[in-house]
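Report on the structure given below.
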């Protein structure tokens, strides 16, 4: 239903803008295709869709009260178009179209959000999960699925591997599947190595129940790889940047294009940033820090300084007292990242990839976390899958969590996923998702 909600948002936006544009053209005696307003109507459709995505459509927070935030998409789009019209110094589109379309699509966006929410609830009811493993796999999956899954589901049962073996003749897993109405069985690595457990899973599979390894479930439903299930052999998958030469070349060309555009934006904003730094963030405007890049090569990463000058060796945490008021603004808007466009042009960074860490953190984490060094086989990124799914690491536990998303990105590295990550990053920036 999420796909249907997206179609509703698109169709409703196009219909509202062009329907009202046609009405205005007819009542004022001009042809919509004969005026320059056709192009601006298309632009307004794009602005409304971007604004709708920025506020969270079609997947809004799971709260009826927050459902009304969908109206913010239309209001934001109308405001942006009005600002563009003001800057251009002419009426690019009639106010009738700008504000009329916003008024029409507001209830339509609410409808789309309700369709998406209904689809999520039905998907949860459809994907009923039972987990066979050891330790706390079931509780962990419940927590993960309640956070930010790629596909909604609900855990209806969690069982120790030993309890599913029984005496070797009974069918406890089949009985558990029948009792819970499970639609998906998830087997840990140990469970998938026990023949009697696999035989029972196969019996459920013949009845229409889907069967996944724990790694497969994490990949499909959560967009990450579980550290507990990884072995060295399991890490020998194709990586787009290494094994897909065409992908690597196209990605680098796109990096250069984006880096050049970012450099222009930095040049335009730099005078204002300098003034802001002098007033509320006294000290050097740029912050330089050693980071570990591709193949373990250390490079100097540039940022706009957001913290008080001095040693900054500790993990940065939310609400860190060292962040200045102007620095907090730079972080919320992500403007502090703009100088990294120079790193992108120099080849130190890509637009999308695992975020680079400081050398001493890398040394610590490599000793403590299995396969941590694998994230350095590709060029690090300005943003990444771990960034949009988890955010910024504040300690070693967070670093381990992010690594699971980094491994997923390495396994699935494609231009399509890169575009998806950039789009989610834009959404976070529009929603003020700073740190």
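Could you list all residues from region 406-426 that are farther than 15 Å from residue 390 by Cβ and touching a helix residue (DSSP H, G or I) at 6+ places or on another chain (Cβ under 9 Å)? Scanning region 406-426 gives 410, 411, 412, 413, 414, 415, 417, 418, 420, 422, 423, 426.
What are the residues in region 176-233 that are buried (at least 16 other Cβ atoms within 10 Å of the Cβ) and at positive phi, if any? Once the filter is applied, which keeps residues that are buried (at least 16 other Cβ atoms within 10 Å of the Cβ) and at positive phi, region 176-233 yields only 223.
Just one of 366, 333 is surrounded by fewer than 20 Cβ atoms within 10 Å (Cβ to Cβ) and closer than 29 Å to residue 270 by Cα; which is it?
Working: 366 fails: closer than 29 Å to residue 270 by Cα.
Just one listed residue meets the conditions, 333.
Restricting attention to region 171-218, the residues being over 17 Å from residue 142 (Cβ atoms) and part of a helix (DSSP H, G or I) number 24. Within region 132-159, the set of residues being assigned to a strand (DSSP E or B) and either under 26 Å from the mean Cα position of the chain (by Cα) or touching a residue at least 60 places away in the same chain (Cβ under 8 Å) (or both) comprises 132, 133, 154, 155.
Any read-out appearing in this document is the output of simple, stated calculations on the displayed coordinates, not a laboratory observation. Remember, predicted model here, so these are calculated numbers, not experimental data. Ideal geometry is used to build each Cβ from the backbone, glycine not excepted, and the neighbour counts take in all protein chains shown.
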